[in-house]
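Encoded as structure tokens, the structure appears first; notes follow it.
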Amino acid sequence: MRRPQRRLVAKQGRSQDADEIRLLEAWVDAGKPRPGTKPPPPSESSSAADARRIARAVAAKAAAGEYSEYGACTRFDELPLSKKTKDALRKAGYKEMSEIQRAAIPHALCGRDILGAAKTGSGKTLAFVIPVLEKLYRAKWSKEDGVGCIIISPTNDLAGQIWDVIRKVGKLHGFSGGAIVKRTGIDDEKELINRLNIIVCTPGRLVQHFDETPNFDCSQLQILVLDEADQMLHRDFQSQVDIIISQIPKVQTLLFSATQTKSIKDLARVNLKNPEYISVHEQASTATPDNLEQCAMIVPLEQKLNMLWSFIRRHLKSKILVFLSSVKQVKFVYEIFKKLRPGIPLKCMHGRMKYEVQQAIVAEFNESTSVMFSTDIFARGLDIGDVDWVVQVDCPDSVASYIHRVGRTARYNKRGKSLIFLCPEEERMLEKLKATESKIPINVKKPKVELLDQISQNIAAMLVKFPNLQQLGKRAFVTYLKSVYIQKDKEVFDLSRFSAENFAAYASSLGLPVTPKIRFVSHKKNASKKDMEDIGVKQKAKVIEINPQANRDMLVDDELDDDDILKPKKATTDANIYGLHGILSPKASGTDTNMESEKVKELVDRPLKKKKLKINVHRPVGIRVKYDDEGNAIDPLASLAEEVGSEGVIHKDKISQRYAEMLREMQEDDKEDKAQHKKSLHEKKLQKKLKLKRKRQEETDAVSEDSGSESDTGGQNMSYKGKKKYLNDSDDDEGGDEAKKLLAQQEALALKLLGKMHD
Ligand SMILES: Nc1ncnc2c1ncn2[C@@H]1O[C@H](COP(=O)(O)OP(=O)(O)OP(=O)(O)O)[C@@H](O)[C@H]1O
């Protein structure tokens, strides 16, 4: 009975959908905005009641076949959107549209390509998620239709965040999909990927699927989105995006970013068709959110940690996001500050963490007041609630990076503050930020040196107490200098401006007793033989070149890896291990957020643990333990069986026979061992006695020589006495018995011990 009823309901649902789709198609077509137009400014007067009335009137008109122009709408429910999308938006609390949403959604709904730019935190995600859902809905897309939409984002975290928005706004639609992020192996994804309607992923993973997944089919793709488009089209992802574009049909394409690319060459690569250039804040006086208060301080390199510590100590009730330039620095500052206990919870985040750990840390940071030390993995797109301060301890690589970093605060009409520390050697960056075309209202403040807490001594003490932190500090030092060295913008980043004294002062500010030896290398394709000889490299495949500007006194430290510098963002943001999370593979819960800190702790404590390793005195002696391929100990009998039954069949009787033989052999060996032991004990005892005898004899001789004739008798007596008591056991029955008893007791004890060990 149930089945036909369910079928009936489904059929009714389908026909309702079909009716709605017909209506929506007509509405979208009739009321579409003219190409190149922007929405008029919203009228200030409309109250909530007015808005509801207008929305009802719009819906009634549409139902009656009269379609309003939707290009001027201010609310989601005035748009030609499906009921499922509108209901989900309302439930999620989205009513009024943001500027970028007002400007982009109407054009996107009628199938146009979009190149959208708007300030950080202005709601760009919804501006592409809504058109994606509507496009698939109006195309009557279902699970069986396969991949209908691909959304590409630069990081796994951002992909996960976008997918969360899709889940929220598209939950009534029932499309399949997911964010392909670091979790399970690619093999698991291969099974599923063709069944996903919406894929959110990093370019690297998508290319991997094009390479490795047989029958990965994107031929029916309907819509493509590139979030953080300027980064997608630039150096790091350039080749991957080119591959993706070559593998998919030309479809509607939406590009969004807070700092949009204007390069025709870049745009030509994604093959946009008469795109709508939507830059809602182009006329705005600032490129950063209006509610963001920004200031900069010129801080010498060696004072940066003191400054950061002092800042944190004075803002214990704030949520602070701190940007550093490398993983090693993040780890070092996090570990050191944690040990110095500033009085506020600390967290750290970088691309070397497991995706689940990152997610859990982000979730925790969302909820609580704390300080998060992060690399640039956090700089773009991530939407964290109520960050009070963004502090940039290390200089961003560009003005665009600065804008994205500070954009983690003051999101969607909220207030926020940012602070950047720049070394005197990096003042050029300040000029760039203050330049009129950058549109960044930034105040320069003088640091109050007298208020600074000096923590270098405390750090040094910590390094003495925890020697592994010293190693971490050394690496933090080197990776920082490397991060400066590899930057392309030499107007800002020029190591030659730093003196050897600067380096020494910086090292000591990290608590390091001596300045680590450093040599900065870059990979050079066509280095001359002379170059190679200069730096002592003879057989390496990759030729390294020493920075001609770098201090020639800097020596080599080849042990230090350079792979955690943020410059190759690919490595940190587009990691190779991903997994799928989404409708088909729900989020894992209860992730241990302490995992990473535990890992760091483990790293720090490793040698100490090693020291504590002790020999287990209770382990059985003389038994050779065998292990299988997975490292599990094999039962001795089973290993025996393996040896005996070479044909792969276990002969039980043979095993027991062999076992009995071995037991007999062992018992005989045991007997022999015991006898041997007894003998050696006896010999030892005799030697001891002989030694004593000799000693006593020497003493007696010496006394008799000293005491002359009178003492001759005494000497004889003593000698006799000595003989009697110590030298000749047989002369003294009582003493001999005692010694024998003692010997017997010791032998018995030794035998008992031996027996135990063999048992
Ligand atoms: N119409 C809206 N009404 C209320 N809140 C909104 C609206 N649109 C977006 N938001 C909220 O604004 C915040 C920022 O949105 P979003 O992450 O999409 O910004 P963004 O422009 O993509 O930022 P970034 O450039 O940093 O990636 C989110 O918390 C989102 O929920």
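The values are calculated or read from the model by the stated rules, or taken from the named source; none is laboratory data. Everything quoted here is computed from the prediction, not taken from an experiment. Note: ideal-geometry Cβ built from the backbone for every residue, glycine included; neighbour counts use all protein chains shown. Please note that ligands, DNA and RNA were not included when accessible areas were found on the heavy atoms of the full protein model with its side chains. Shrake-Rupley method; radii C 1.70, N 1.55, O 1.52, S 1.80 Å.
What's the center-to-center distance, using Cα atoms, between the stretch 104-131 and the stretch 392-435 in Å? The stretch 104-131 and the stretch 392-435 have Cα centres separated by 26 Å. Looking at the stretch 3-279, the accessible area is 44 square angstrom per residue; that uses a 1.4 Å probe and ignores ligands, DNA and RNA.
Count Lys and Arg as plus one, Asp and Glu as minus one, and take only other residues whose Cβ is under 11 Å from that of Asn291; the net charge is then +3.
How much net charge surrounds Arg408 when only other residues with a Cβ under 13 Å from its Cβ are counted (Lys, Arg +1; Asp, Glu -1)?
Values: positive: Lys119, Lys319, Arg380, Arg405, Arg411, Lys414, Lys417; negative: Asp157, Asp376, Asp383, Asp386, Asp388.
For residues surrounding Arg408, the net value is +2.
For Ile114, the amide hydrogen comes within under 5 Å of the amide hydrogens of Thr253, Leu254, Leu255, Glu276, counting only partners 5 or more places away or on other chains and with H modelled in the peptide plane. Computed from phi, the 3J(HN,Hα) profile of the stretch 247-261 under the Karplus parametrisation 6.51, -1.76, 1.60 (θ = phi - 60°) reads 9, 10, x, 6, 10, 4, 10, 10, 10, 10, 6, 7, 10, 7, 6 Hz, with x in place of Gly and Pro.
The solvent-accessible area of Val464, taken with every protein chain present and a 1.4 Å probe, is close to 110 Å². Solvent-accessible surface (1.4 Å probe) assigned to Glu738 amounts to roughly 120 Å². Accessible area per residue (1.4 Å probe, heavy atoms of protein chains only) ranks Ser374, Ser680 as Ser680, Ser374, with the largest value leading. Among the listed pairs Lys319/Lys434; Lys190/Lys488; Lys168/Lys190; Lys347/Lys417; Lys135/Lys319; Lys331/Lys439, those with a Cα-Cα distance over 28 Å are Lys190/Lys488; Lys135/Lys319; Lys331/Lys439. Loop-resident trypsin sites (Lys or Arg not before Pro) (DSSP state other than H, G, I, E or B) in the stretch 259-304 with no more than 12 further Cβ atoms inside 10 Å of their Cβ: Lys262, Lys273. Starting from the Kirkwood Rh over alpha-carbon pairs, what translational D in µm² s⁻¹ does the stretch 176-245 have by Stokes-Einstein at 37 °C and 0.692 mPa s? Approximately 257 µm²/s, per Stokes-Einstein. With N the number of residues in the stretch 3-279, Rg(Cα) / (2.2 N^0.38 Å) evaluates to 1.01.
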